[in-house]
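Working notes, beginning with the structure itself.
The values are calculated or read from the model by the stated rules, or taken from the named source; none is laboratory data. Since the structure is predicted, the reported quantities are computational estimates derived from the model, not experimental observations. Using ideal geometry, Cβ is built from the backbone for each residue, glycine included, and neighbour counts are taken over all protein chains shown. Side chains are part of the model used for accessible areas, which takes the heavy atoms of the whole protein and leaves out ligands, DNA and RNA. Shrake-Rupley method; radii C 1.70, N 1.55, O 1.52, S 1.80 Å.
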Amino acid sequence: MAIGIVATGSYLPDHIVTNDDLARTVETSDAWVTSRTGIRRRRRAHAEQTTSDLGHRAALAALRDHDITAEQLDALVVATSSPDQIQPSTACNLHARMGLTQIPAFDVGAVCSGFIYATAAAAGLMNTFSQYSHVMVVGCEAYSRVLDYRDRGTCVFFGDGAGAAVLGKLPDGYGILGCDLMADSTQLDVVGIPAGGALEPTSERTVRERRHYFRMDGRRVWDFATQAVPQVVKGALASAGLDVGDVDLLVTHQANARLIEECADRCGVPMDRVPMTVDRYGNTAAASVPITLDEAAAAGRLRRGDVVVLAAVGGGMTAGALVMRWY
């Protein structure tokens, strides 16, 4: 039997933040944000909601999609870069919210590539050890908690949300066919939150200098992504014995509409095969691929036998792609 996605789910908070809303607190405008990013609005978690709360809602939606119960899950893998706390893991917090038994739960940290990395890890677990028949993979983010709303170069991009998928056994020929993961640690400084860890512990200085907020060098992100996405997409397709012409749907990380268009063009995939949610939800980091995949499934854009590619880039810098034949 093959391993693949058998169910999807997603959750977006109902608090909508428009570009005009942001323009009241930071020097920007709807025209500026829309023209450069394609983002018109994004969602923001309510004050009482945590990252694992968002993940819980998405996980429950995925369970309903496959008509299985939490008791049937054999493991839980969570991708996030805005965790509930440094420790314990957000996966263990979500584990508690779902009332799971003593199945393993762990986080994967690859920033916006996290869902791709987490799905690859979950599939490897299932392929290696026979006791894992159903594994839940969740990408969940509450970036509103770590954004500097004085910095228009970051705060206009991000939104909060969660997406989930259940991996299960499928007939041969379906499911995950190929994978390509990479990291370039020479670009550690491109994306990140400088302070709060062992490298730069919290101090009066780090708080005063606002070093606990997310930072990003947008130009270097663009340069890396436009090279790395085509590289991993073509690498994953090659590992599956397929070509770009075989791709029915390319679900990419939803960082920026202009970036998605450029990456799709460099991959050789027409935009009518590339679903977008970034205009409505912004960049939801590790949650963006599963959210977009779930919306594509709900819209009937995924048919049995379709070749679907999931691809993302993230801080570190990281990148990854998975090729699957949809069941």
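Are there any pairs, at least 6 apart or on different chains, whose C-beta atoms fall under 9 Å, with the first in region 10-21 and without any contact (Cβ under 8 Å) to a residue 60 or more places away in the chain and the second in a strand (DSSP E or B) and open to solvent by less than 30 Å² (accessible area, probe 1.4 Å), and if so, which?
Short answer, once both residue conditions are applied: I16/R42; T18/R42.
Counting only residues that are over 12 Å from G315 (Cβ atoms) and of a type outside the set (A, V, I, L, M), which one in region 177-188 is least open to solvent (accessible area, probe 1.4 Å)? Outline the logic, then answer.
To start, the set of residues in region 177-188 that are over 12 Å from G315 (Cβ atoms) comprises 177-182, 186.
Right, trim to of a type outside the set (A, V, I, L, M) and you get 178-180, 186.
Working: G178: 6, C179: 53, D180: 42, T186: 113 Å².
Among residues in region 177-188 that are over 12 Å from G315 (Cβ atoms) and of a type outside the set (A, V, I, L, M), the one least open to solvent (accessible area, probe 1.4 Å) is G178.
Checking E261 against (1) within 26 Å of N19 (Cα to Cα); (2) open to solvent by 10 Å² or more (accessible area, probe 1.4 Å); (3) of a type outside the set (F, W, Y); (4) in contact with a Phe, Trp or Tyr (Cβ under 9 Å, 6 or more places away or on another chain): exactly one of these is not met. Which one?
For E261, the exception is condition (4).
Of the residues L242, L302, which single one is of a type in the set (A, V, I, L, M, F, W, C) and within 23 Å of C140 (Cβ to Cβ)? Lay out the reasoning, then the answer.
Numbers: L242 fails: within 23 Å of C140 (Cβ to Cβ).
Just one listed residue meets the conditions, L302.
So, in region 19-50, of the ones that are out of contact with any helix residue (DSSP H, G or I) (no Cβ under 7 Å at 6 or more places or on another chain) and of a type in the set (V, I, T), which residue ends up nearest to T90 (Cα to Cα)?
Per the criteria, the residue is T50.
Starting from residues that are free of Cβ contacts under 8 Å to residues at least 40 places away in the same chain and farther than 18 Å from R145 by Cα, keep the ones in region 189-212 and report whichever is surrounded by the most Cβ atoms within 10 Å (Cβ to Cβ).
Taking region 189-212 first, the residues free of Cβ contacts under 8 Å to residues at least 40 places away in the same chain are 189, 194-195, 198-209, 211.
Imposing the further condition that a residue be farther than 18 Å from R145 by Cα reduces the set to 189, 198-201, 203-205.
Numbers: D189: 12, A198: 6, L199: 7, E200: 14, P201: 9, S203: 11, E204: 7, R205: 10.
Here the answer is E200.
Every residue, every condition in (1) among the basic types (K, R); (2) in contact with a helix residue (DSSP H, G or I) (Cβ under 6 Å, 6 or more places away or on another chain); (3) closer than 22 Å to E295 by Cβ, yes or no:
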position: P83; (1), (2), (3): no, yes, no
position: D148; (1), (2), (3): no, no, no
position: A162; (1), (2), (3): no, yes, yes
position: G168; (1), (2), (3): no, no, yes
position: P171; (1), (2), (3): no, no, no
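Please specify each residue of region 36-73 satisfying the condition of being at positive phi and modelled with pLDDT of 95 or more. First the steps, then the outcome.
Looking only at region 36-73, we keep the residues that are at positive phi, and these are 38, 67.
Selection gives G38 alone.
For region 6-28, enumerate the residues that are open to solvent by 60 Å² or more (accessible area, probe 1.4 Å), outside any strand (DSSP E or B) and modelled with pLDDT of 95 or more.
Here is the first cut: in region 6-28, the residues open to solvent by 60 Å² or more (accessible area, probe 1.4 Å) are 14-16, 20, 24-25, 27.
Okay, now just the ones that are also outside any strand (DSSP E or B), so 14, 20, 24-25, 27.
D14, D20 - these are the residues of region 6-28 that are open to solvent by 60 Å² or more (accessible area, probe 1.4 Å), outside any strand (DSSP E or B) and modelled with pLDDT of 95 or more.
So in region 112-157, with the set limited to residues that are polar (S, T, N, Q) and crowded, with 18+ Cβ neighbours inside 10 Å, which one is farthest from the chain's Cα centre (by Cα)? Before you say what the answer is, go through the steps one by one.
Taking region 112-157 and keeping what is polar (S, T, N, Q), we get 113, 119, 127-128, 130-131, 133, 144, 154.
Those left that are additionally crowded, with 18+ Cβ neighbours inside 10 Å: 113, 119, 144, 154.
On the way: S113: 6, T119: 11, S144: 16, T154: 17 Å.
Applying the filter and picking the extreme gives T154.
Give the number of residues within region 29-55 that are among the aliphatic types (A, V, I, L, M), closer than 22 Å to S82 by Cα and not in a loop (DSSP other than H, G, I, E, B). It would help to see each step written out before you state the result.
We begin by selecting, within region 29-55, every residue among the aliphatic types (A, V, I, L, M); these are 31, 33, 39, 45, 47, 54.
In the following step, the residues that additionally are closer than 22 Å to S82 by Cα were identified as 39, 45, 47, 54.
Keeping just the survivors that are not in a loop (DSSP other than H, G, I, E, B) gives 54.
Count: 1.
Identify, please: which residue in region 47-64 is without any contact (Cβ under 8 Å) to a residue 60 or more places away in the chain and open to solvent by 60 Å² or more (accessible area, probe 1.4 Å) and is, among those, nearest to I103 (Cα to Cα)?
Among those residues, the one meeting the criterion is L60.
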